[in-house]
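J.: Dropping the structure in here first, questions after.
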Amino acid sequence: MSHALPPRPRASHHRGALSGTIRVPGDKSISHRAMMFGAMALGRTTVTGLLEGEDVLATGRAMQALGAKVEKTGETWQIDGLGVGGFLAPQTDLDFGNAGTGVRLTMGLVGAYPFVTRFTGDASLSARPMKRVLDPLRAIGVEVVEHHDNKLPIALRGAAEPVPVNYRVPMASAQVKSCVLLAGLVIPGTTTVVEPIMTRDHTEKMLEGFGADISIETDAEGVRTIRVEGLPELKAQELIVPGDPSSAGFPLVAALIVPGSEVVIENVLMNPTRTGLIETLIEMGGDIAIENRRTSGGEDIADLRVKASRLKGVTVPPERAPSMIDEYPVLAVAAAFAEGPTEMVGIEELRVKESDRLAAVARGLEANGVVCEEGHDFLIVQGKGAVPGGGTVATHLDHRIAMSFLVMGLASDKPVTVDDDRMIATSFPSFEADFTRLGAGFSAAEDAA
């Protein structure tokens with residue numbers, strides 16, 4: 001997506017209750033990994049339900065540049081893989097656009113190949129820290145040929161004779177853990193990752209599903225030790241991608257705060273490392289029924305029936321942060337409509353997302369008449385049961401900020417405007433169409449720029 005185009009401001013307003021059924025896009029984390037594992041497996045992997053947002057498509061193009069064949073037939077994606085160790089030196093830079101997961105995990109994928117790979121991205125991704133993945137890659141012998149204060153563009157020369165590492169992840173980050181595990185696939189011997197706080201475990205589940213030799217031990221303190229054996233033969237799979245719980249957060253909160261609403265969200269991933277938002281909203285008094293539980297590809301899936309509810313403020317424990325780090329912006333919107341303060345603590349990771357999400361959320365709340373207090377690693381929202389609205393929110397090219405505040409406008413007294421909605425396509429291309437079908441109101445806001 002070219003940010004040379006002018007921004008497209010958008011406003012949302014209260015039009016009445018939301019009702020109906022919605023199916024959110026495929027899970028982003030699983031979609032990225034489906035492209036990567038398909039490229040590393042022998043044979044043809046088929047994927048249905050893939051999130052076709054720009055981030056995932058950037059990962060697909062990177063896998064093509066490394067020699068895999070990636071194409072779509074009808075509703076199904078087909079990936080002809082090269083086997084572990086089969087990647088070819090790319091002839092061009094790998095441009096990941098805004099895809100933080102894509103770029104960090106792919107750095108791991110090529111870490112043990114003795115050729116140079118250059119990674120680039122858009123302005124937002126180029127401002128994000130990459131030292132957290134470069135440090136463990138340096139430990140296995142990767143040479144960082146080019147970097148800009150540990151930010152993109154970055155060029156890596158993989159280790160000719162990589163060594164397996166025993167790496168303790170210094171922060172709760174599924175991306176860092178996954179980067180090291182994926183690098184370990186191409187390194188003879190056992191690569192070990194120690195994770196003090198459990199984060200989303202899609203990489204481990206998918207490694208197992210594709211046939212890797214992986215073991216996981218959890219001690220009494222909850223510290224996880226993950227070991228993967230190098231040079232496995234990964235076998236092609238038929239994958240069905242469940243709905244993204246982060247994307248489900250938007251209709252979930254909208255149905256809770258718009259009076260009289262009842263919405264069913266189908267096919268939502270219920271992996272326990274991803275359900276912190278649902279847990280929190282239920283604690284706040286949200287009427288959320290979990291129906292039709294089932295499994296697919298080792299992952300738990302269910303439908304959510306959500307009814308408008310009177311919410312009350314809560315304190316969200318810091319240990320829940322890894323299971324809902326992307327959902328804090330929309331939780332802050334729910335908190336604004338709750339009665340009493342909601343305290344979110346231990347959320348400094350939000351400062352290094354697509355934008356400084358913590359600051360962006362606080363400014364957006366204030367612009368719409370919500371009192372909040374922002375600290376380095378916390379946000380306290382003073383809920384008053386209603387939100388005045390009427391403000392314009394600076395999104396900083398962040399899709400989750402844009403969607404969260406468009407949800408706020410569906411229930412606030414006056415419309416809420418976001419300064420740009422184009423980047424919503426990175427994760428939820430059908431957002432406005434799907435919400436309009438439920439009864440939401442959106443309009444152009446030319447004068448809001």
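Read-outs throughout are calculated quantities, based only on the coordinates presented, and are distinct from any laboratory measurement. It should be emphasised that the depicted structure is a prediction, and the values quoted were computed from it without experimental measurement. Cβ coordinates were reconstructed from backbone atoms using ideal geometry, including for glycine residues, and neighbour counts include every protein chain displayed.
J.: Return the whole-Å distance between the Cα centroid of the range 137-208 and the Cα centroid of the range 117-133.
T.: Using only Cα atoms to place each centre, the spacing works out to 15 Å.
J.: Over the range 382-442, what is the mean sequence separation of C-alpha contacts under 8 Å (at least six apart), divided by residue count, expressed as relative contact order in percent?
T.: 34 percent
J.: Could you give the dipole magnitude of the range 17-71 about its Cα centre, charging the beta-carbon of Lys and Arg +1 and that of Asp and Glu -1, in debye to the nearest 20?
T.: Magnitude of the dipole: close to 160 debye.
J.: As I understand it, the dipole of the range 251-344 uses +1 on the Cβ of Lys and Arg and -1 on the Cβ of Asp and Glu, about the Cα centre. Which of Ile257, Asn271, Thr315 lies farthest toward its positive end?
T.: Ile257
J.: Report the label-to-label distance for Thr436 and Ile216 in nanometres (one decimal), using points 7 Å from each Cα along the Cα→Cβ vector.
T.: Placing both labels 7 Å beyond Cα along the Cβ direction yields 4.1 nm.
J.: Moving to a separate point now. Provide the per-residue ³J(HN,Hα) series for the range 95-102, in order, calculated from phi with Karplus coefficients 6.51, -1.76, 1.60 and θ = phi - 60°, each as a whole number of Hz, with x at glycine and proline positions.
T.: Here the 3J(HN,Hα) series is 9, 9, x, 10, 8, x, 4, x Hz.
J.: Next question. Out of Met284, Thr225, Ile187, whose Cα points farthest toward the positive end of the dipole of the chain (charges: +1 Lys, Arg; -1 Asp, Glu; placed on Cβ)?
T.: So the residue furthest toward the plus end is Ile187.
J.: Calculated from the structure, Cα extents along the principal axes in Å equals which of (i) 58, 49, 41; (ii) 62, 47, 45; (iii) 63, 56, 41?
T.: (ii)
J.: Same structure again: Just to be sure I understand: of the beta bridges DSSP finds with both ends in the range 267-374, what percent are antiparallel, rounded to 5?
T.: If we restrict to bridges inside the range 267-374, about 75 percent are antiparallel.
J.: Would you mind checking the range 237-263 for residues with the amide N under 17 Å from a putative spin-label position 7 Å along Cα→C-beta of Arg310?
T.: 256-261
J.: Moving on to the next point. With unit charges on the beta carbon (Lys/Arg positive, Asp/Glu negative), name the residue among Gly441, Thr199, Ala58 whose Cα is farthest towards the positive pole of the charge dipole of the chain.
T.: Ala58
J.: Which of the peptides 371-377, 172-178 is most tightly packed, and how do the rest follow, going by the mean number of other Cβ atoms within 10 Å of each residue?
T.: Packing proxy ranking, top to bottom: 172-178, 371-377.
J.: Which value, in debye to the nearest 20, describes the size of the charge dipole of the chain about its Cα centre when Lys and Arg Cβ atoms bear +1, Asp and Glu Cβ atoms bear -1, and nothing else is charged?
T.: For the chain, the charge dipole is close to 320 debye.
J.: Per the Kirkwood definition applied to all pairs of different Cα atoms, how many angstroms is the hydrodynamic radius of the range 9-78?
T.: That comes to 14.0 Å for the range 9-78.
J.: Ok, one more. For the chain, what's the relative contact order in percent, using C-alpha pairs closer than 8 Å and at least 6 residues apart?
T.: After rounding, I find 20 percent.
J.: Evaluate the distance, in nm, between pseudo-label points positioned 7 Å from the Cα of Val345 and of Val145 along their respective Cα→Cβ axes.
T.: 4.8 nm
J.: Which order do the peptides 213-225, 130-142, 278-290 take when ranked by the mean count of other beta-carbon atoms within 10 Å per residue, highest first?
T.: Ranked by mean Cβ neighbours within 10 Å, highest first: 130-142, 278-290, 213-225.
J.: Kindly provide log₁₀ I(q)/I(0) values, in the same order as q = 0.14, 0.16 Å⁻¹, from the Debye equation applied to equal alpha-carbon scatterers of the range 310-350.
T.: -0.28, -0.36
J.: List, in order, the whole-Hz ³J(HN,Hα) value for each residue of the range 138-152 obtained from phi through the Karplus relation with A = 6.51, B = -1.76, C = 1.60 and θ = phi - 60°; use x for Gly and Pro.
T.: 4, 5, 8, x, 6, 9, 8, 6, 8, 7, 10, 6, 6, 10, 5
J.: Another one. What does a probe at Asp413 reach in the range 354-370, counting residues whose amide N is under 19 Å from the point 7 Å along Cα→Cβ?
T.: Only 364-370 fall inside the zone, counting backbone N under 19 Å.
J.: Continuing with the same structure: Which three extents, in angstrom, do the Cα atoms of the range 62-177 have along their principal axes, listed largest first?
T.: Principal-axis extents of the Cα atoms in the range 62-177, largest first: 42, 34, 28 Å.
J.: While we're here: For the range 135-191, compute Rh as the Kirkwood radius over C-alpha pairs and then the Stokes-Einstein diffusion coefficient at 10 °C and 1.306 mPa s; write the answer in µm²/s, rounded to an integer.
T.: 132 µm²/s
J.: If you average the C-alpha positions of the range 306-380 and of the range 36-73 separately, how far apart do those two centres end up, in angstrom?
T.: 34 Å
J.: Also: Between Thr73 and Arg138, what is the spin-label point distance in nm, taking each point 7 Å from the Cα along the Cα→C-beta axis?
T.: Here the answer is 4.7 nm between the modelled labels.
J.: Order 98-105, 188-195, 21-28 from most to least packed using the mean count of other Cβ atoms within 10 Å.
T.: Those peptides, ordered most packed to least, come out 98-105, 21-28, 188-195.
J.: Related question: Can you tell me the orientation of helix 357-367 relative to the chain, as the angle in degrees between its alpha-carbon axis and the longest Cα principal axis, to the nearest 10?
T.: 10 degrees
J.: Can I ask one more? Assuming 0.36 nm per residue, please report the length gained on full extension of the stretch Val163 to Arg294 beyond their Cα-Cα distance.
T.: Result: 43.1 nm gained on full extension.
J.: Also: With charges only on Cβ, +1 for K and R and -1 for D and E, what is the dipole size of the range 315-363 about its Cα centre, in debye, rounded to 20?
T.: With only Lys, Arg, Asp and Glu charged at Cβ, the dipole is about 120 debye.
J.: Residues with amide H under 5 Å of Thr76's amide H, sequence separation 5 or more or different chain, H placed in the peptide plane at 1.01 Å from N; which?
T.: For Thr76, no residues qualify.
J.: So what does the Cα-only Debye profile of the range 227-369 read at q = 0.14, 0.17, 0.20 Å⁻¹, as log10 I(q)/I(0), no solvent term?
T.: -0.71, -0.97, -1.24
J.: While we're looking at this one, here's another question. Could you tell me the largest-minus-smallest coordinate of the C-alpha atoms of the range 307-433 on each of the three principal axes, in descending order and whole angstroms?
T.: Its Cα atoms span 33, 32, 27 Å along the three principal axes.
J.: As a test, work out the antiparallel percent of DSSP beta bridges whose residues both lie in the chain, rounded to the nearest 5.
T.: Given both bridge residues lie in the chain, the antiparallel proportion sits at roughly 75 percent.
J.: Enter the angle in degrees (range 0 to 90, nearest 10) between the Cα long axis of helix 328-337 and the first principal axis of the Cα atoms of the chain, meaning the one along which they spread out most.
T.: The answer is roughly 10 degrees.
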